[in-house]
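Enquirer: Pasting in a structure now, in structure tokens, and then I'll have a few things to ask.
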Amino acid sequence: MESIYYVATFLCHRTCRHCYEDRFRPYSGSELQSVVRESIELHPRIIDNFPDRMTWLDLEDCDPATGQPREKTGRIVISGGEILLEAVREPVLYSALDRLHRKYDGRVGLIVQTTGDLLNERIVDELLARHVWQISVSGIDAHHQGLETVEARSRQAARLTRIFESRGMINDPHVAEDAGKGSFDRRYFSFFGATEDEWIGPLWPRGRAWKNEISRATLRDNFCNRWSGALNFLQYHYNGSEVSVEPNGNVYPCCIKTKRPIGSLLDEKLEKILDRLAGNPVYEALSMGHPERMGIAHGWSVEKFIEASTIRLPSGKVYQNFCIGCDRFHDEVLSDSSAGRQSPASRK
């Protein structure tokens, strides 16, 4: 598989109004203990059910002598919430990094994604010592408190750049090429956020972005048909495949998350989950980046799906996005209570 996006904790130090996941927030008392304990106790079981080899075949780079696609090395992104918070940094993140390095004998690109707020020289050194190949800073946007102005965002990026570059790290758009070659001698850093020029700029219709009615996505924003969407997720032997994994082991075909998981890494290997869905017209449509066709075998025409993708918000505004139709299809067709049917993900 080319990539796994592993959300290793729901714990976060922020409650950003644009966040796609309500569970990313501060916790206290018994709730804090429960959230932290879940991540600590379950991450070894989850990682054990990751693929035995984190590699993929590149259909865009075939050996001219044999015609066979070349094998490339995959990546694993570990994120939160905020994975650098003290309660989870060592017992979850550092433990997971060590475990993944051992599992794959160092042949995997390890990426840590963080808002960047907590990064300092000591933590960067600790990450690099645990074979982290890239640090991805995801919080450089006006939605994050304290970074509302261009000047504030520039200061934050400059502060972090000084730390990264003092450790010999590089900010290079061709970073993925080294990973594919299995070369991790050079270490990288990157910045992104929910900005106008980024793929996440319109905001997913999820979590607080949805509740606060600040998603600007339309039917033109087919989140399924792009990276971090479900595109190619079933084609896990080849390029373009990624799945998202929660701290509880639930697996989803996209970071945005379908209404129901497709399986659990507490129960079975990731490849077994994906193999079970191969040929299922619902998930094949998602994997091809065409969610509007996911219900055809169940009597949902494209026209019906588009109609289901249209909703009137509490403010009275009409909103349209395929994620809404996907949610409705899951509720009406794939839920256990729908006409006595079980979803393919829940069948054994």
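Enquirer: For V132, work out the one condition from (1) more than 22 Å from A96 (Cβ to Cβ); (2) assigned to a loop (DSSP other than H, G, I, E, B) it doesn't fulfil.
Expert: Result: V132 passes all but (1).
Enquirer: Checking P281 against (1) open to solvent by 60 Å² or more (accessible area, probe 1.4 Å); (2) farther than 18 Å from H330 by Cα, which test does it fail?
Expert: With respect to (1) open to solvent by 60 Å² or more (accessible area, probe 1.4 Å); (2) farther than 18 Å from H330 by Cα, P281 is out only on (2).
Enquirer: Here's another thing I want to ask about it. Tell me whether segment 297-305 contains one or more residues that are part of a loop (DSSP other than H, G, I, E, B), touching a residue at least 24 places away in the same chain (Cβ under 8 Å) and open to solvent by 30 Å² or more (accessible area, probe 1.4 Å). Lay out the reasoning, then the answer.
Expert: In the first step, residues of segment 297-305 are kept if they are part of a loop (DSSP other than H, G, I, E, B); the result is 299-301.
Those still in the list that are touching a residue at least 24 places away in the same chain (Cβ under 8 Å) too: 300.
Okay, now just the ones that are also open to solvent by 30 Å² or more (accessible area, probe 1.4 Å), so none.
No; the residues of segment 297-305 include none that is part of a loop (DSSP other than H, G, I, E, B), touching a residue at least 24 places away in the same chain (Cβ under 8 Å) and open to solvent by 30 Å² or more (accessible area, probe 1.4 Å).
Enquirer: Right, something else. Listed residues I111, I78; which is of a type outside the set (D, E) and in contact with a helix residue (DSSP H, G or I) (Cβ under 8 Å, 6 or more places away or on another chain)?
Expert: It is I78.
Enquirer: Please go through segment 127-156 and give me each residue that is touching a helix residue (DSSP H, G or I) at 6+ places or on another chain (Cβ under 7 Å) and open to solvent by 10 Å² or more (accessible area, probe 1.4 Å), ordered by number.
Expert: Selection gives R130, H131, Q134, I140, G146, L147.
Enquirer: Specify the residue that is most open to solvent (accessible area, probe 1.4 Å); the eligible residues are those in segment 111-126 that are out of contact with any strand residue (DSSP E or B) (no Cβ under 6 Å at 6 or more places or on another chain) and outside any loop (DSSP other than H, G, I, E, B).
Expert: By that ranking, first place goes to R122.
Enquirer: Would you point out which residue out of I140, I78 is within 22 Å of W227 (Cα to Cα), in contact with a strand residue (DSSP E or B) (Cβ under 8 Å, 6 or more places away or on another chain) and modelled with pLDDT of 95 or more?
Expert: Sole residue among the options that is within 22 Å of W227 (Cα to Cα), in contact with a strand residue (DSSP E or B) (Cβ under 8 Å, 6 or more places away or on another chain) and modelled with pLDDT of 95 or more: I78.
Enquirer: From the list P51, P44, which one is over 30 Å from A194 (Cα atoms), touching a helix residue (DSSP H, G or I) at 6+ places or on another chain (Cβ under 7 Å) and in contact (Cβ under 8 Å) with a residue 60 or more places away in the chain?
Expert: P51
One line per residue, one yes/no per condition, for (1) at negative phi; (2) part of a strand (DSSP E or B); (3) of a type in the set (V, I, T); (4) in contact with a Lys or Arg (Cβ under 9 Å, 6 or more places away or on another chain):
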{"site": "Y20", "(1), (2), (3), (4)": "yes, no, no, yes"}
{"site": "S34", "(1), (2), (3), (4)": "yes, no, no, no"}
{"site": "R37", "(1), (2), (3), (4)": "yes, no, no, no"}
{"site": "I40", "(1), (2), (3), (4)": "yes, no, yes, no"}
{"site": "R45", "(1), (2), (3), (4)": "yes, no, no, no"}
{"site": "W56", "(1), (2), (3), (4)": "yes, yes, no, yes"}
{"site": "D61", "(1), (2), (3), (4)": "yes, yes, no, yes"}
{"site": "K72", "(1), (2), (3), (4)": "yes, yes, no, yes"}
{"site": "V77", "(1), (2), (3), (4)": "yes, yes, yes, no"}
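Enquirer: Name every residue in segment 256-266 that is in contact (Cβ under 8 Å) with a residue 40 or more places away in the chain and either open to solvent by 60 Å² or more (accessible area, probe 1.4 Å) or more than 15 Å from the chain's Cα centre (by Cα) (or both), in order of residue number.
Expert: K259, R260, G263, L265, L266
Enquirer: Filter segment 60-70 for residues that are open to solvent by less than 50 Å² (accessible area, probe 1.4 Å) and of a type outside the set (D, E) and give the result.
Expert: G67, P69, listed by residue number.
Enquirer: If you scan segment 234-270, which residues turn out to be within 18 Å of S335 (Cβ to Cβ), part of a loop (DSSP other than H, G, I, E, B) and of a type outside the set (A, V, I, L, M)?
Expert: Within segment 234-270, P253, K257, T258, K259, R260, P261 qualify.
Enquirer: Can you name every residue in segment 169-225 that is open to solvent by 30 Å² or more (accessible area, probe 1.4 Å), of a type in the set (D, E) and part of a helix (DSSP H, G or I)?
Expert: If the condition is that a residue be open to solvent by 30 Å² or more (accessible area, probe 1.4 Å), of a type in the set (D, E) and part of a helix (DSSP H, G or I), then E177 is the only one that fits.
Enquirer: Whether any residue in segment 71-85 is open to solvent by 50 Å² or more (accessible area, probe 1.4 Å) and either in contact with a Pro (Cβ under 9 Å, 6 or more places away or on another chain) or more than 19 Å from G106 (Cβ to Cβ) (or both) is what I want to check.
Expert: So far as segment 71-85 goes, no, none of its residues is open to solvent by 50 Å² or more (accessible area, probe 1.4 Å) and either in contact with a Pro (Cβ under 9 Å, 6 or more places away or on another chain) or more than 19 Å from G106 (Cβ to Cβ) (or both).
Enquirer: Looking only at segment 86-108, count every residue that is open to solvent by 40 Å² or more (accessible area, probe 1.4 Å), assigned to a loop (DSSP other than H, G, I, E, B) and in contact (Cβ under 8 Å) with a residue 24 or more places away in the chain and tell me the total.
Expert: 1
The values are calculated or read from the model by the stated rules, or taken from the named source; none is laboratory data. Just so you know, these numbers come straight off a predicted model, no measurement behind them. Cβ sites come from the backbone with ideal geometry, for glycine too, and all protein chains shown count toward neighbours. Just the protein is used for accessible areas: all its heavy atoms, side chains included, with ligands, DNA and RNA removed. Shrake-Rupley method; radii C 1.70, N 1.55, O 1.52, S 1.80 Å.
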